[in-house]
Amino acid sequence: MKRFHVHVAVDNLADSIRFYSAMFATEPSVQKSDYAKWMLDDPRVNFAISQRGANVGVNHLGIQVESDDELQHMQSRLESLQPGLEKEEGVACCYARSDKYWVTDPSGLAWETFHSLTTIPVFGEAEAAGGDQHDARDGHYPLIHRLPPPLANSSATLR
C-alpha cells in the first residue's frame, strides 16, 4: 500500500515538532537534531520536517511504496510523464537508505517516489562521506537530488 509523503523545511525545528505533535496527537517516529518524521496511519502519510537551511515551506512531495514491485510500477507511470526521470539507487537521505525516482511537475514542484530499505545514522550522502550537505542551487532541494526540468504543458496525469 502506498503512503503519501510531504517534506516541509522549517525555520524552528523544536517549535515545529511541538506544533505537529499536537496536530497529529503523537510524537514523531523519528527525531534527530535537524529532522523529524511522523509515520501516520490516519491519514496514511509520511510527514517529515527539517531545519537544514533550505527555503521554508514545502520542500517536496512524494509517494512512499512498500516493495520493489510497487516502485517499478510507479517508475513506469512516471516515465510516461517525464522520460529520463532521475533514478537514485541506495541513496542516503533523511536518515534512511532508499531507492527513488524523481520528477518535477509542470509548476516546478519536486515529487519523489521511493522505497526505504533501511535506517542510517546520518541525514544524507555528503554527511556519510564526512562532508556537509547544502544545496548549491537555490536551497529548495537536498543537494543529492538532481531533478529534471518541469514538464511543459503536460496533459498526462498520475492515476
Starting from the amide H of Y35, placed 1.01 Å from N in the peptide plane, find each other amide H under 5 Å away whose residue is 5 or more places distant or on another chain. Q51
Using each residue's phi in the stretch 116-123, evaluate 6.51 cos²θ - 1.76 cosθ + 1.60 at θ = phi - 60° and report the 3J(HN,Hα) Karplus result to the nearest Hz, with x for Gly and Pro. 6, 9, 6, 8, 9, x, 10, 5
Calculated on alpha-carbon atoms, Rg and Dmax of the stretch 3-128 in Å: 14.5, 41
Among the lysines in the stretch 1-113, how many pairs, 8 or more places apart or on different chains, have alpha carbons under 22 Å apart? 5
Can you work out the Karplus-derived ³J(HN,Hα) for every residue in the stretch 32-40? Use 6.51 cos²θ - 1.76 cosθ + 1.60 with θ = phi - 60°, whole Hz, and x for glycine or proline. 10, 5, 10, 7, 8, 9, 10, 9, 9
For the stretch 96-127 and the stretch 16-67, compute the distance between their C-alpha centroids and round to whole Å. 14
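At a Förster distance of 30 Å, what's the computed FRET efficiency of S29 paired with K2, Cβ-Cβ distance as r, to 0.05?
0.95
Coordinate-derived values only; no laboratory data. Here the structure is a predicted model, which means the values were calculated and not measured. With ideal geometry, Cβ positions are generated from the backbone for all residues, glycine too; neighbour counts draw on all protein chains shown.
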